[in-house]
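The values are calculated or read from the model by the stated rules, or taken from the named source; none is laboratory data. Only a predicted model underlies this, so the values are computations on that prediction, with no experimental measurement involved. When we count neighbours, we look across all protein chains shown, and the Cβ atoms used for this are built from the backbone with ideal geometry, even at glycine.
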Amino acid sequence: MNTEQLKKEVIEYSKEIGIDKIGFTSATMFEELKQRLMTQQELGYQSGFEESDIEKRVTPVKLLPKASSIISIALAYPSKLKNAPKSTREDRRGIFCRASWGQDYHTVLRDRLSKLENFLREKVPNIQIKSMVDTGELSDRAVAERAGIGWSGKNCSIITPEFGSYVYLGEMITNFPFPPDKPMEDQCGSCTKCLDVCPTGALVQGGQLDSSKCIAFLTQTKGFLPDEYRSKIGNRIYGCDTCQTVCPVNKGKDFHLHEEMEPDPEIAKPKLKPLLKISNRDFKEKYGHISGSWRGKKPLQRNAILALAHFKDTTALPDLIDLMHNDSRPVIRGTAAWAIGKIANNIDVAKELHKAYMTEKDEEVKEEISKGLAFIEKK
């Protein structure tokens with residue numbers, strides 16, 4: 001079969017099924033990526049969420065033995081929230097990052113890749129294919145960069161000229177020898193805006209991220225958040241968009257091309273207090289379809305508590321005191337105690353902290369209660 005002809009047909013079909021950008025590259029080893037990943041591992045900069053076997057991440061033939069080429073796809077997602085609800089003094093709101101608006105992007109991209117797979121199987125009956133989105137072994141960004149989807153920005157995102165960095169990525173390894181596209185020239189130039197504004201200094205240098213400091217990573221952890229990052233969270237419930245929102249290429253970029261990706265404003269910017277005591281059933285019903293729910297409700301509730309402390313929301317004190325006394329989870333009890341100390345400044349609240357300290361059996365929680373008391377004593 002004519003490889004150029006099939007490539008053209010794949011590109012045309014990709015447009016019909018709602019793929020915004022498509023690129024092709026060889027399935028040769030990602031040599032440069034291997035060195036970067038080894039450096040990241042040595043420095044302890046990995047998040048722990050990625051595939052631990054570096055060889056699998058850089059060697060497509062380990063995933064598909066007769067791999068010849070890789071197809072990279074990108075779908076643009078919205079960057080602006082229509083009819084965004086306002087955060088008020090009585091009802092403070094948190095925020096989910098843009099990549100968690102709308103339906104879980106893993107589901108959306110797998111749908112497009114599945115359609116593309118079926119199309120290829122019709123054209124090439126014996127074709128071998130392995131598709132993946134985000135949780136696969138390959139680096140979505142490395143594939144997209146080599147396939148000419150965009151360049152790898154200093155903010156560690158793929159930046160496309162058309163859609164900026166507001167794109168979801170997925171890829172498909174195949175044994176069919178598609179002609180490769182050319183990688184794109186880096187267009188960040190001397191700009192360092194993303195490095196300058198990173199809230200925690202997680203962007204060590206252009207293209208290098210210390211995941212352990214990245215707020216997007218920290219909001220997904222399940223334990224106590226390290227003290228030095230608690231005030232940096234702001235009102236973020238899940239993820240962080242700072243290094244994207246300051247990028248000059250992203251200015252004015254806002255695409256609403258896919259119905260599944262349209263955000264529900266009440267979910268994208270939820271009220272914080274109702275999130276504190278939401279049941280498992282209600283959480284699954286309201287948030288289960290978004291990617292930001294994948295770690296369960298506990299990390300999001302912990303972050304909501306930190307957001308209330310950020311706002312110094314005194315109206316949340318009764319709920320926080322109740323959590324400190326009665327929640328079964330140490331992380332929630334302890335974070336609530338810390339937040340109470342940040343928000344309150346009167347003797348009655350201090351009494352509640354003392355009472356909780358006397359009955360608490362978990363040492364980490366007792367330490368958080370002590371921090372809360374110390375905050376009040378300093379006021």
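Tabulated data
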{"read-out": "Leading residue by the ranking (nearest to the chain's Cα centre (by Cα)) among those in region 300-322 that are of a type in the set (A, V, I, L, M) and farther than 17 Å from His354 by Cβ", "value": "Leu300"}
{"read-out": "Test set (1) in a loop (DSSP other than H, G, I, E, B); (2) out of contact with any Leu (no Cβ under 9 Å at 6 or more places or on another chain) - Ile159 fails condition number", "value": "(1)"}
{"read-out": "Only listed residue being buried (at least 23 other Cβ atoms within 10 Å of the Cβ), under 20 Å from Thr25 (Cα atoms) and either aliphatic (A, V, I, L, M) or under 16 Å from the mean Cα position of the chain (by Cα) (or both), chosen from Leu113, Leu169", "value": "Leu169"}
{"read-out": "Residue check for Glu162: at pLDDT below 95, surrounded by fewer than 21 Cβ atoms within 10 Å (Cβ to Cβ) and acidic (Asp, Glu)", "value": "no"}
{"read-out": "Search result, residues across region 172-202 that are of a type outside the set (Asp, Glu) and under 21 Å from Phe30 (Cα atoms)", "value": "Met172, Ile173, Thr174, Asn175, Phe176, Pro177, Phe178, Pro179, Pro180, Lys182, Pro183, Met184"}
{"read-out": "Selection count, region 7-36, where residues are surrounded by fewer than 16 Cβ atoms within 10 Å (Cβ to Cβ) and aliphatic (A, V, I, L, M)", "value": "3"}
{"read-out": "Positions within region 88-129 being under 30 Å from Lys232 (Cα atoms), assigned to a loop (DSSP other than H, G, I, E, B) and in contact (Cβ under 8 Å) with a residue 60 or more places away in the chain, in sequence order", "value": "Arg89, Glu90, Asp91, Arg92, Gly94, Cys97, Trp101, Gly102, Gln103, Asp104"}
{"read-out": "Qualifying positions in region 221-244 - within 30 Å of Pro161 (Cβ to Cβ) and either without any contact (Cβ under 8 Å) to a residue 40 or more places away in the chain or under 11 Å from the mean Cα position of the chain (by Cα) (or both)", "value": "Tyr238, Gly239, Cys240, Asp241"}
{"read-out": "Filter result for the condition that a residue is farther than 19 Å from Thr245 by Cα, assigned to a loop (DSSP other than H, G, I, E, B) and assigned by TED's automatic domain parsing to the domain that holds Val167, over Leu81, Leu64", "value": "Leu64"}
{"read-out": "Of all residues making up region 1-53, the number that are part of a helix (DSSP H, G or I) and of a type in the set (Ser, Thr, Tyr)", "value": "4"}
{"read-out": "Number of positions in region 130-149 that are of a type in the set (Lys, Arg) and either touching a helix residue (DSSP H, G or I) at 6+ places or on another chain (Cβ under 8 Å) or in a helix (DSSP H, G or I) (or both)", "value": "2"}
{"read-out": "Gly288 under 17 Å from the mean Cα position of the chain (by Cα) and surrounded by fewer than 18 Cβ atoms within 10 Å (Cβ to Cβ)", "value": "yes"}
{"read-out": "Matching residues, region 312-359, being in contact (Cβ under 8 Å) with a residue 40 or more places away in the chain and either surrounded by 18 or more Cβ atoms within 10 Å (Cβ to Cβ) or not in a helix (DSSP H, G or I) (or both)", "value": "Asp313, Ala316, Asp319, Leu320, Leu323, Met324, Val331, Gly334, Thr335, Trp338"}
{"read-out": "Selected residue (only one of Ser114, Ser157, Ser68 is among the polar types (S, T, N, Q) and touching a helix residue (DSSP H, G or I) at 6+ places or on another chain (Cβ under 7 Å))", "value": "Ser157"}
{"read-out": "All positions within region 6-33 that are among the aliphatic types (A, V, I, L, M), over 19 Å from Leu109 (Cα atoms) and modelled with pLDDT of 95 or more", "value": "Leu6, Ala27, Met29"}
{"read-out": "In region 331-372, the residues that are over 31 Å from the mean Cα position of the chain (by Cα) and closer than 22 Å to Arg89 by Cβ", "value": "Ala344, Asn345, Asn346, Asp348, Val349"}
{"read-out": "Members of region 81-124 found to be over 26 Å from Tyr13 (Cα atoms) and out of contact with any strand residue (DSSP E or B) (no Cβ under 7 Å at 6 or more places or on another chain), listed by number", "value": "Leu81, Lys82, Asn83, Ala84, Lys86, Thr88, Arg89, Glu90, Arg92, Arg98, Trp101"}
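Okay, residues lined up against (1) more than 28 Å from Glu32 (Cβ to Cβ); (2) in the same structural domain as Ser47 (by TED's automatic domain parsing); (3) among the β-branched types (Val, Ile, Thr):
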site: Cys194; (1), (2), (3): no, no, no
site: Cys198; (1), (2), (3): no, no, no
site: Gly201; (1), (2), (3): no, no, no
site: Gln205; (1), (2), (3): no, no, no
site: Asp210; (1), (2), (3): no, no, no
site: Lys213; (1), (2), (3): no, no, no
site: Phe217; (1), (2), (3): no, no, no
site: Thr221; (1), (2), (3): yes, no, yes
site: Ser231; (1), (2), (3): yes, no, no
